[in-house]
Amino acid sequence: MSGAEPGRTDTVEPGARRTRQRTAVLQALVGCRDFISAQALCALLAEAGVSVGLTTVYRTLRDLERAGRVDVVRDETGGRLYRERPEDGHRHYLICRCCGRSRAVDTDVVEEWADRLGEHTGFTDVEHTLELTGVCAGCGPLAGQGESPCRQESPRPSDPRTSPR
């Protein structure tokens with residue numbers, strides 16, 4: 001799986017009930033290289049022969065989010081997509097609007113600005129959301145074929161575990 005440390009795949013959140021299903025959800029998420037929806041994660045588990053209900057997937061993802069173990073972005077329809085958070089913490093990603101590939105980007109300037117904003121305004125516990133989307137190099141050539149590449153047949157990887165990070 002994507003280089004997670006041993007032991008990181010066996011717990012969801014301190015105090016959360018550890019079950020076979022929750023562990024399976026976490027392991028499947030760790031194996032994904034890009035952001036994935038709860039529904040797609042549930043389907044991935046079903047394809048692997050693991051019986052986990054969609055409600056359990058949603059609850060597990062919610063618990064992982066509360067524990068700071070996943071990064072969450074919104075897709076074009078407002079749906080939530082999830083990806084394991086690296087050990088070194090919160091990241092921002094540039095996500096292809098066509099195929100869904102994601103790439104971590106250096107956004108230290110945003111983090112510093114958010115910290116300064118809190119200091120200057122007197123606010124504490126300042127949080128922020130930053131959504132960056134574009135068209136990746138693999139999807140870009142489709143634009144030369146006439147219409148927007150995102151409206152053509154999507155080259156989305158059929159398996160989120162196999163697309164490059």
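The values are calculated or read from the model by the stated rules, or taken from the named source; none is laboratory data. Source: prediction; values computed, not measured. Backbone-built Cβ (ideal geometry, glycine too); neighbour counts: all protein chains shown. Calculation scope for accessible area: heavy atoms of the full protein, side chains included, ligands and nucleic acids excluded. Shrake-Rupley method; radii C 1.70, N 1.55, O 1.52, S 1.80 Å.
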Which of the residues belonging to region 57-70 are at pLDDT 90 or above and closer than 18 Å to residue 130 by Cβ? 65, 70
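Going through region 41-80 one residue at a time, which ones are in a helix (DSSP H, G or I) and open to solvent by 30 Å² or more (accessible area, probe 1.4 Å)?
Just the residues of region 41-80 that are in a helix (DSSP H, G or I), to begin with: 41-47, 54-66.
Selection gives 43, 46, 47, 54, 55, 56, 58, 59, 62, 65, 66.
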Counting only residues that are open to solvent by less than 30 Å² (accessible area, probe 1.4 Å) and in contact with a helix residue (DSSP H, G or I) (Cβ under 9 Å, 6 or more places away or on another chain), how many does region 81-92 have? 4
Of the candidates 126, 110, the one satisfying the condition of being in contact with a helix residue (DSSP H, G or I) (Cβ under 7 Å, 6 or more places away or on another chain), open to solvent by less than 100 Å² (accessible area, probe 1.4 Å) and not acidic (Asp, Glu) is 126
For residue 95: the one exception among (1) open to solvent by 70 Å² or more (accessible area, probe 1.4 Å); (2) in contact (Cβ under 8 Å) with a residue 60 or more places away in the chain; (3) not in a loop (DSSP other than H, G, I, E, B): (1)
List every residue pair whose Cβ atoms lie under 8 Å apart, where the two residues are 6 or more positions apart in sequence or sit on different chains, the first residue falls within region 20-34 and is small (Gly, Ala, Ser), and the second residue, located anywhere, is at pLDDT below 90. 31/1; 31/2; 31/161
